[in-house]
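First the structure, in the form of structure tokens, and then the observations on it.
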Amino acid sequence: MIRYAAIIPHPPIIIPTIGRSNLNLCRKTVNAMKAAGEKFRAVKADTIVLVSPHGPVQYDKFVVNYSSTLRGDLSQFGDHRKFIFENDRELVDEIVKSSRSSHLPVGLARELELDHGALVPLHYLINEKDLSYNPRLVHMSFSMLPLDYHFRFGEVLGKVLQSSPKIISFIASGDLSHRVTPEAPAGYSSQGRIFDRNLTEFIQRKNVKSILNFDPYLIEEAGECGLRSIIILLGALANLKWEVKSLSYEAPFGVGYMVVNLNIK
């Protein structure tokens, strides 16, 4: 069953060994990530289900990592901490079976390294000093299919996860607009801040309908990478009672970072 859920950004710069002095510019996000880690570890999930925008995204299908061991590090950015997880293949098999029965396209990928969309959240969720706690991991990517497909896929995930006797934490990894300020790496769009403001308000109000009906022009102009991850999570929680426990937002480098802890009732 799902016992913890969160929406978490994935900029490597928020990791101390990478961001260094820049950490002071995104302190709000760092503090929110630390708080998320504490809430996550209190649940002691058997398995983490994590949706990343930077896995093997395919246009016409959702992709689940089927490697027996899931491993990776952020050495390309300057942090050499190693992450190794056992894949929860039993859960993956159930997800794939249920998705295909619901006529949702799902593919499997093998021998993949964990991407930074997974590793940055995991850096804050998993305490490297607590060697006794090593949950299994399910690592997947969204598709470029319409938003309603992602919600339906999330609903299928939710049914599988809720029927499981395992304690599960669900993490939607994703940054918001990459075009919030003139200094943004993807260039500036006045729509970037509007997208971020709307999405954070919709999340606060649990306005799932408005999220599913986001203006496609606004999504395109925002240059975001988290919306589909979030919609999958919302689909997974569709039949559960939940509330926003805390929400943090800032865009110190022109990219929107939102950290949301959800309380599953």
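Among the residues in segment 29-46, are any without any contact (Cβ under 8 Å) to a residue 40 or more places away in the chain, surrounded by fewer than 20 Cβ atoms within 10 Å (Cβ to Cβ), more than 21 Å from ILE230 (Cα to Cα) and among the small types (Gly, Ala, Ser)?
yes
So, in segment 50-71, of the ones that are modelled with pLDDT of 95 or more and β-branched (Val, Ile, Thr), which residue ends up surrounded by the most Cβ atoms within 10 Å (Cβ to Cβ)?
Among those that are modelled with pLDDT of 95 or more and β-branched (Val, Ile, Thr), it is VAL51.
Among the numbered criteria (1) among the charged types (D, E, K, R); (2) under 17 Å from the mean Cα position of the chain (by Cα); (3) more than 26 Å from LEU176 (Cβ to Cβ), which single criterion is violated by ASP46?
Among (1) among the charged types (D, E, K, R); (2) under 17 Å from the mean Cα position of the chain (by Cα); (3) more than 26 Å from LEU176 (Cβ to Cβ), ASP46 violates only (2).
Under 9 Å between Cβ atoms, at least 6 apart or on separate chains: pull out the pairs that start in segment 93-118 with a residue that is in contact (Cβ under 8 Å) with a residue 60 or more places away in the chain and end on any residue that is small (Gly, Ala, Ser) and exposed (fewer than 15 other Cβ atoms within 10 Å of the Cβ).
These pairs meet every condition: GLU94/SER163.
Out of everything in segment 55-72 that is of a type outside the set (Val, Ile, Thr), in contact with a helix residue (DSSP H, G or I) (Cβ under 7 Å, 6 or more places away or on another chain) and assigned to a strand (DSSP E or B), what residue ends up being nearest to HIS150 (Cα to Cα)?
Across segment 55-72, the extreme among qualifying residues is PHE62.
Name the one entry in MET144, MET140 that is touching a residue at least 24 places away in the same chain (Cβ under 8 Å) and crowded, with 17+ Cβ neighbours inside 10 Å.
The conditions single out MET140.
Mind checking which residues of segment 213-228 are in contact with a Phe, Trp or Tyr (Cβ under 6 Å, 6 or more places away or on another chain) and in contact (Cβ under 8 Å) with a residue 60 or more places away in the chain?
ARG228
From the residues in segment 204-235 that are within 19 Å of the chain's Cα centre (by Cα) and basic (Lys, Arg), which one is farthest from PHE142 (Cα to Cα)?
Out of the qualifying residues, it is LYS206.
Within segment 72-83, identify whether any single residue is crowded, with 16+ Cβ neighbours inside 10 Å and closer than 18 Å to ALA172 by Cα, and answer yes or no.
no
The values are calculated or read from the model by the stated rules, or taken from the named source; none is laboratory data. Note that the coordinates shown come from a computational prediction; the quantities given were computed from them, not determined experimentally. Methodologically, a virtual Cβ is constructed for each residue, glycine included, from the backbone with ideal geometry; neighbour enumeration extends over all protein chains shown.
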